[in-house]
Structures are given as structure tokens and as C-alpha cells.
Amino acid sequence: MSARTEILDRLRSALHDAPAAPDIPRHYRHESGLPGDERIELLRDRLLDYKAGVCVVDEPDVPARVAELLGKGTTYVVPPGLEEAWTALAPGRITDSAEEPLSVAELDAADAVVTGCAAAVAETGTIILDGSPDQGRRAISLIPDHHICLVRAGDIAGVLPEALRGLDGTHPLTWISGPSATSDIELERVEGVHGPRTLDVVIIRV
Amino acid sequence: MSSTYLGMPGRPVFGDGNLHATEAFPTAARRELGNAQLRANLGHATHTIRDKRLRVVAELPDWEELRDAGSAIKESVMARLPELLEEFEANFTARGGKIHWARDAAEANKTVRDLIRDAGADEVVKVKSMATQEIGLNEYLEEQGIAAFETDLAELIVQLDHDKPSHILVPAIHKNRTQIRDIFLREMPDVDPGLTNNPARLAEAARVHLRRKFLSAKVAVSGANFAIAKSGTLAVVESEGNGRMCLTLPETLITVMGVEKLLPSWQDLEVFMQLLPRSSTGERMNPYTSLWTGVTEGDGPQNVHLVLLDNGRSAALADEMGRSALHCIRCSACMNVCPVYERTGGHAYGSTYPGPIGAILSPLLTGITSEENASLPYASSLCGACYDACPVKINIPEILVHLRAEDVDSRRGTRKTPGQMDVAMKAASWAMGAGRRMALAEKALPLGKLAAGPDRKIKKLPGIAAGWTQSRDIPAPPAQSFRDWWGKERGKSAPGENAPTITRQKEKE
């Protein structure tokens, strides 16, 4: 008998008492009810708590702020669908795509990465990347040491269920809440282990 | 559906691997209690994490509603496990993933080895995983000439020190910063000899140590926190980015997961991703969560495998009282609030799963008649703190009592004559059955005082009661019983004030 058949048989036998599957009570919050500016403020507060950098800017100011965060002489990676205007003031742009992927060594040599995001959750300080063209392959937001993430204010949800409703779970998803961190030594939080050690979130007011 | 299954109910098949303790809990606990450094490290760690958890849990107005939903979702998963597994398999496979089934630890290990060899590799990077810990994968791969590198900082510390993890979430919780620095200096080639015990410096040393491994690894091995049946999606929850490195950079990804980790639908993830981080690390959200559904062309591993592991889970599922232990999402909140765990540490439990959840899960997976694990259900004061802390409301104290009864029953069958415990219990039952007999028994109290000696402590009880005094002293009994005191103070002067229970008892006689 194959392992599959045997395990499924064992599990069916184990349920000899035919337990009923209960109804799921979903009385938890599905919406936060927070107005837009309060969602921005909450996300900012949570990200700062994780030791991420945060700024809130109007759309026309994005290129200047991105250039400022990148600094001079920086090489940075962008996914193929990132709006070109947003990085227009920063030289050193390298594009990565699934069709023409950069090698791991090339990613490792880049100083930074700039991406968009699919959604953000204010209450938990989370940004969610889903591999769309403005976010790119999972590796690009992982290997360079500095991640600049552009978040449109309209994509900020108050609580997690609001954000997940709009996402397709079959896309490769990366949820990011602050920069890489560990608490493995005496539970003292240290930012920056294997992922990017610096996370800057630029929230774009609309 | 399970209700229409007409096959013969089989005998439960129990799990093996690193689930079995090599010695009974009382013996191991007694030794660990003597380690003052361990208790200091543990006390600090469990209290820190406990306080953090309480703070972030208090922030959510709907915490109890989330627990209710989480508990019901898991109950529903267990009731429908076979069909959900088939649904998951169909969806994961449709998106380019490959599923392998493993009846036990040995079969899972062999499957992983074959997949690594097929990929032409002789080393792998590993994301921290309880399932691979449970089956002893690292040790097995080493025997087979394959090097497995743990990449989670705590797992790395434990691996470099040739030690065993002592906590589900923070495996090196029993070590402090100075001990960790000493391990790094001793075991890490090319480490800066001037390394200090500053946690940031230690984390940096781990980063440098593993960086090249990550960027060049061909095969990674992981566990999974959740699997969504409806879409065929797997999820790994982590902090350091070592998970993301392993899950996205290598060509081949092999995941080992217990069959119980399923969630029916995408919506269920919103419940568990609120419950898990706050319960485990006391954070609003863990730094990184990765989700993948089979293979994504041009992004991440192109050979994606999942080994579905039974290893005693079907046997645990067969226990109607105990099956809710399979609801566990491995958050470790129960450990951090447990007074027994706090004093003995995780090693005393022997099995891969320590603490209150381990005390029920390990014997359920291996069977209560498994020699040393039979002592685990007694490794508890039944204070109930674990039940309060559990995000999916596993009633651990109730299952502990159930397993104690199973243990007693299983041993009863093997004895012909009544044991000391049976005789003692019979005697106690007779004595406590009537106030008059109890009063008579209490006349012996001064004897106990005498036995205690001048320091007013009894260090050794006779017979089977000796087990109780093995690792603690019993205070000397008082000179007179409460009953005597009541009689002297109130009994004669105010007969009408006799406690009604005593009166009733007398009427019965």
C-alpha cells in the first residue's frame, strides 16, 4: 500500500467517532473604521517602533525623497514595472526582471532596492509584496542591504483582514514588518540579520 | 467524508524519531534543577517574553474573538483532515509542486535524502523547523554524507555547540550572551577573535558566517507554519530573513510538514497571522512571512517539494480527548507561562516538544505506553496558565489529566496484585469517607512532626510516596488538626455554629 493511501486510511480510521466540523464564529474585526490620515499615522507609528525609516510625502515630492534616501553614488535595483518618474532624480538604476534576472552576485553588489507594494496594514506595521511588476522577484527585496518601499496611501488597510481580502494568495507573497531582526540572544531585539538591515518606507499621499 | 468510510478501524501507529525521551522527566528535571545558570537565563527570558506578550495582546479589542475563531477553525480542520489533505494536494500539484507522503520519521528522512541527491547536492541550508527536528533529519543527513546548515541564529548556536534545542521558538533560550560568544569563538572558522558578547555583534558574526552559504546554496529544507487547502499555498513565518534566503534563492526547496498544519481557506490565515506573532514573540507582526503556491516561473525555486508527515499524528487524532493537541501552532506561549518549564527548562522533557504542549503532544504521538514519555503528563502543577495563554484554546490541563488516567489504566492491566498506590488510595478513600474516621487518622499528625525532626521538614517519605520527596521537601504537619482546633475554640461553646457539611456527614452515619 502506498504511504499516501495508508496515511489517509489511518486518518479516516482515527475519525471513527465522526466529529462534526463546527461553524466558525468570525466575530473579530474585519474593518478598522479608521479614516485615511489616521491609517497613515498608525502605520508610521508601528514602522518607527520596528526601527524602520518612514516619511509621508505628496506624489510630486517622491523623486526628490527617493534620491535623498539613496544618497550619492548608489547603485540600486528596481523591478521592471516601477514608475520611472519616481527614481528619475537618482542615477545608478539597474532593472531586474523575471525574463532578464540579475545574478545573486549582482544583487549582492547593489547598494539598495526600490519597490512598490501591493498592500500595507497600519495596525501591524506590515507591507505586503506580491510579485507584481512594480515589486518584482522576491530576491531583489532581500539581498541588497537597503530596501526603499513606496506605499500609496490608498493601499493602506487598517487591520489585516482588510488587506488580505484584496490579495491573491497564489502569488508569491512576502510580508515585511520592519527590517530583518532577531531576538534570539537573551530576547534582546537586534535589527539587521540576513535581510536588508535598513528599511525605508515612503508613504505617498494622494 | 469520514462518516462514510467503511474501512476497518486500524490499530493506531505511533511516531518515532526525536519524540522519545531517553530518561523519565523526574530524573531529568532533578538534574536540570541543579543548574543555577540555566534557571537564571530561563527566568529572565520567560518573564521578558511573557510581559511583552501581555502588552500586545491587550492592544487587540477582539483577542478573545480571534481565539474563538482560531479554535473552531482547527477543530474543523481535524474533523475534515483527510479531505482537506486531498484538496491541498490537488491544488499544490496543479501549480507545479510535488507531494511526498511519509508514514514515519524514517520514511520522511529517506525521502528528503533522495530529493537532495537527485538535485546533485551534498549540502543544504535549513530554515528552523520543528518537523525536521522531530524526525532527526540533521543527524540522519550527516550519516548519509550530507551537511545540513541551520540558518536561524538560535538553531545555529545550538548546532555549533552540539547541543539540543530547549524551546520551540527560542531554541537557545538556555544560553546567555557570554556563553554564545564563547561558542562562536570556539566553533566559527574566520570569526573575529575580538568578538564581544554584544547581541548586535553576535548577530553580525552569524550574518557573515552564513552569507556565502545562502548565496550559493542549491537546495534548502524548511518546515511550514500553515498550508492553505483551497489554494495549495504554504507559509513560513520568521524574523531574520534566513527563511526568505532559503525559500527563494536555491533551485530546489524541500518542505517537511505535519499533516495537521492545514487551514481550509485564505480567509483563515487572517486569524492565525494575528494570533501567532503576538502569542510567540510578543510582536504585533513578525518581520517576515513568505507564502508560495507550487512553482512561480522566473521567481524562486523551480523544484518545489512537500513531504507530508504522519509520524504518530493519526494516532493522536484517534484520541477523542487528546486530538485537540494537534491544534497547536507552535507559538510556545504555554512554555513561557509554565512554572514547571521555567524551573526545569526544555531539556528535561526529553522530546522535541517541551513544556506544557510537549507534555501532552509527545505522549499522544508516541503512545502513553512509550517508556519514558509516560512520565510527561505528570510534569505539571495543573495550574491552568497554559490554557489561558494558548491562542487556539487547547485545554492542556484537561488533556494532562486524561493522559494520567490512560497511563494508570495501561499499567493496571499488567499487574496481578494491587500496587502500593491502589492500597493507599483505598485506605485514603475509606478514611476520608467519614468525619469520624478522618478525625481518628488526624490523631497521627504529631507523629509526622516527630518524623520531620528539628528543621521541620520531611526529606524522605516511605514507599511510593518517596517519588514526591525526590526533588522537594515536605513541611512538617501542624501539632493539631484544624478539626481539633475548631473543636477547642468553637465546638463546645457554640454547638449551633458547627459547619453544615459536618452535620450532614454525621446524619449519614
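Per residue, the accessible area of the protein assembly as shown comes to 42 Å², computed with a 1.4 Å probe over protein heavy atoms only. Using Cα pairs under 8 angstrom and six or more residues apart, how large is the relative contact order of the range A:148-199, in percent? Over the range A:148-199, the number comes to 27 percent. What's the whole-number percent of alpha carbon pairs in chain B lying beyond 43 angstrom? Across chain B, Cα pairs with separations above 43 Å total 26 percent.
What is the gain in length, in nm to one decimal, between B:R411 and B:A439 on full extension, counting 0.36 nm per residue of separation less the C-alpha to C-alpha distance? Numbers along the way, then the final one.
Working: separation 28, 0.36 × 28 = 10.08 nm, distance 3.34 nm.
Stretched out fully, the B:R411 to B:A439 stretch lengthens by 6.7 nm.
Per residue of chain A, what 222 nm ellipticity follows from adding -39500 (n - 2.57) for every DSSP H run with n ≥ 4, rounded to the nearest 500? Could you put the intermediate results ahead of the total?
Values: 5 runs with 47 residues, N = 206.
After summing the helix terms and dividing by residue count, I get -6500 deg cm²/dmol.
All Cα-Cα distances of the range B:157-204, cut into 10 Å bins from zero to the largest, leave 26, 58, 16, 0 percent in each bin in turn. The amide H of B:V124, built 1.01 Å from its N in the peptide plane, has B:A147, B:A148, B:F149 as neighbours under 5 Å, considering only residues 5 or more places off or on other chains.
Hey, with R₀ at 51 Å, roughly what FRET efficiency would B:D473 and A:E6 work out to, going by the Cβ-Cβ distance, to 0.05? Don't skip to the answer; put the middle values down first.
Values: r = 51 Å, r/R0 = 1.01.
The value I calculate is 0.50.
Each residue of the range B:291-304 was assigned a 3J(HN,Hα) from its phi angle through the Karplus expression (A = 6.51, B = -1.76, C = 1.60, θ = phi - 60°), giving 10, 9, 10, x, 10, 10, 4, x, 9, x, x, 9, 10, 10 Hz with x at Gly and Pro. Any chance you could check the Cα centroid distance between the range A:52-89 and the range A:151-166 for me, in angstrom? When both Cα centres are located, 22 Å separates them. With 28 Å as the limit, the listed pairs B:K230/B:K393; B:K175/B:K213; B:K449/B:K488; B:K261/B:K393; B:K175/B:K393; A:K51/B:K128 have B:K175/B:K393 beyond it between alpha carbons.
Just the Cα atoms of the range B:113-235, one point each, no solvent: what log10 I(q)/I(0) does Debye give at q = 0.12 Å⁻¹? Log10 I(q)/I(0), no solvent term: -0.50. Pairs of Cα atoms nearer than 8 Å and 6+ residues apart set the relative contact order; for chain B it is 20 percent.
Across all directions, the shadow cast by the convex hull of the range B:1-123 built on its C-alpha atoms averages 14.5 square nanometres.
Here B:H209 sits with roughly 60 square angstrom of accessible surface, probe radius 1.4 Å.
Could you check what % of the DSSP bridge pairs in chain B are antiparallel, to the nearest 5? Intermediate results must be reported in sequence, preceding the final value.
Details: 11 of 35 bridges.
Taking every DSSP beta bridge within chain B, about 30 percent pair in antiparallel fashion.
With helices as the sole contributors, chain B gives -14500 deg cm²/dmol at 222 nm; each DSSP H run of n ≥ 4 counts as -39500 (n - 2.57), and the sum is divided by every residue. Annotation: the antiparallel percentage among DSSP beta bridges lying fully within the protein assembly as shown is about 30.
The values are calculated or read from the model by the stated rules, or taken from the named source; none is laboratory data. Computed from a prediction, not measured in an experiment: that's the story for all the values here. Positions of Cβ are backbone-derived with ideal geometry, glycine not excepted, and every protein chain shown enters the neighbour counts. Note: accessible area is taken over every heavy atom of the protein model, side chains too, but ligands, DNA and RNA are not part of it. Shrake-Rupley method; radii C 1.70, N 1.55, O 1.52, S 1.80 Å.
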